[in-house]
1. Exactly one condition in (1) within 16 Å of Arg218 (Cα to Cα); (2) part of a helix (DSSP H, G or I) is false for Arg330; which is it?
2. Can you name the residue in region 227-279 that is at pLDDT 95 or above, aliphatic (A, V, I, L, M) and under 29 Å from Phe217 (Cα atoms) and is also surrounded by the fewest Cβ atoms within 10 Å (Cβ to Cβ) among such residues?
3. Return only the number of the condition from (1) out of contact with any strand residue (DSSP E or B) (no Cβ under 9 Å at 6 or more places or on another chain); (2) small (Gly, Ala, Ser); (3) surrounded by 16 or more Cβ atoms within 10 Å (Cβ to Cβ) that Ala105 does not satisfy.
4. Of the residues that sit in region 213-238 and are more than 30 Å from Leu24 (Cα to Cα) and touching a Lys or Arg at 6+ places or on another chain (Cβ under 9 Å), which one is nearest to the ligand (Cβ to nearest atom)?
5. Please state which of the following conditions Ala367 fails to meet, knowing it meets all the rest: (1) out of contact with any strand residue (DSSP E or B) (no Cβ under 9 Å at 6 or more places or on another chain); (2) buried (at least 24 other Cβ atoms within 10 Å of the Cβ); (3) not in a helix (DSSP H, G or I).
6. Answer with yes or no whether Asp399 is within 16 Å of the ligand (Cβ to nearest atom) and modelled with pLDDT of 95 or more.
7. Just to be sure, is Arg313 touching a residue at least 40 places away in the same chain (Cβ under 8 Å), basic (Lys, Arg), surrounded by fewer than 21 Cβ atoms within 10 Å (Cβ to Cβ) and under 25 Å from Arg463 (Cβ atoms)?
8. What about Leu293, is it in a helix (DSSP H, G or I), surrounded by 23 or more Cβ atoms within 10 Å (Cβ to Cβ) and within 16 Å of the ligand (Cβ to nearest atom)?
Amino acid sequence: MTDGVGPDARRPTPDHDWWREGVLYQIYPRSFQDHDGDGVGDLRGIIDRLDHLAGGPESLGVDGIWLSPFYRSPMADFGYDVSDYCDVDPVFGTLADFDDLVREAHARGLRIVVDLVPNHTSDQHPWFQESRADRTNPKRDWYVWADPKPDGSPPNNWTSAFTRRQTSAWTLEPTTGQYYHHSFLPEQPDLNWWSPEVRDAFDGILRFWLDRGVDGFRIDVAHRMARDPALGDNPDYGLAPDELLRTWTDETAPRDQDWPEVHAILRGFRTTLDAYDGRMAIGEVFILDPARLVRYYGDDDELHLAFNFSFLRAPWSAAAFRAEVETFERLLPPGAWPDYTLSNHDNPRAVSRYAPDGDLQRGRRRARVGALMLLTLRGTPFLYYGEEIGLADSVVPADRVVDVAGRDPARAPMAWEAAPAAGFTTGDPWLPLSADHSIVNVAAQRQDPRSSLAFHRELLRLRRSSPALRGGRYATIGGLPEDVFAYRRDAGSEGWVVLLNFGEAAVDIELGPDLADGRLVLSTDPDRPTGRVVGPRISLDADEGWLVRR
Ligand code: NOJ
């Protein structure tokens, strides 16, 4: 608590389920809005643009923001290498700016979810500086240290997730002659969560932000925090990594992630969260096997939500998305709630990913179909900044690449208006802008009722006003052409039908008598007349989706 203002005074009306029915919007702080003109986005910039999100007549109408890290950091991984968990990096502003952001967001009814990076710190964190100094340092066991093999090589075969820089997940510390473990860069040493002191330190960090009024945490690599304490080798499966992530079993699981103890750590976080009112945690659990993913909900005592990366990575096909949704619905424990996302700061944007042969026009049409699905499925949707305007990946020339894993294209600055640097900054943007930002930007789309922004606003408005879309039952509609993914959302007497054509061609659909009297409320095609009764036979264009009210 600061400035004598209690957390509840800063938060919107308590509502325990806000994270179930609300729509969350991810902001990558470096790229949303620059306030001070240094070319890098900052917290003041986010405050400047809050009206775009909620509270104003032209707002998009989302319910919360997830902020990627803004903590003190040497930026080896653009903030996912934290050197002080309880302070704001000067490039993003100050703690006072953060408090203002919380106050301004809450005044608009927007929740604030912040990133928590518990798997690793920066190598510049004072904890690691102490830990690395000598073998008897009290913080030695805060990190994962191990002796070299007799031939001097790393202790085991674990590999780093950032193989462009270095394959082994171990780096030798010459001062003490031991290796330390890092799941990511050598600049990101992994913490040892078997240490009770590490657990206590993070409990304090959670409380620090909860007391400042944050509504939740997105937990970075939540499945990696524990690893085999015996440091056994990972088996060599001879499978491609994605295939492996879909198929491992308890017996064949790797030893450096998804280790059972991770669930106890998450239960500890949950106990802390539950002592506050209406707070939540969503985990980045990059496990593509849904049966293992759902374990992270625990018995309603671990994560409230776990990101579903299998859905995000699904190919553009009705069968693939239908299978993802049905499987998640079937496997989630009773009472657990799904969540979906199609873009984030680590993956190509949906518009670019779905563009066949790089055809962005088609990519944008498909992205609208994706948005209709995302915002009408049963589950919490996460929108990535820029998705609402159909922002594409930017083209980043070799001499502008700054990210260690080449993720820069999806992190291009937000496009606000047809102005130099798209209104993002008065300086030089830290990354190249998306190529068509002079056309694809917020100001231009506000004037255009056919725009992606208008489509998203309307869809969000419908969702907000509908108990069935926000929280109703889900049921697949079967027996339709194979390129169509269709489902119902129902609550009480209110019902909707969503019809999505993933195919390359128009498709004719016979609707049963119980669906034929529905009204077309929204199409992804802005030229399609709406409001009429659909009738027993309908035709959806290629890359078209319908929202029908029954
Ligand atoms: C996942 C984050 O989303 C990604 O951006 C980061 O590089 C790694 N975790 C390491 O923290």
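1. (1)
2. Ala275
3. In the conditions (1) out of contact with any strand residue (DSSP E or B) (no Cβ under 9 Å at 6 or more places or on another chain); (2) small (Gly, Ala, Ser); (3) surrounded by 16 or more Cβ atoms within 10 Å (Cβ to Cβ), Ala105 misses (1) alone.
4. Going through the qualifying residues, I end up with Arg227.
5. (3) is the only condition that Ala367 fails.
6. Here the answer is no, as Asp399 does not meet what is asked.
7. Here the answer is yes, as Arg313 does meet what is asked.
8. For Leu293, the condition - in a helix (DSSP H, G or I), surrounded by 23 or more Cβ atoms within 10 Å (Cβ to Cβ) and within 16 Å of the ligand (Cβ to nearest atom) - is met.
The values are calculated or read from the model by the stated rules, or taken from the named source; none is laboratory data. Remember, predicted model here, so these are calculated numbers, not experimental data. Here Cβ is always computed from backbone atoms with ideal geometry, including for glycine, and neighbour counts include all displayed protein chains.
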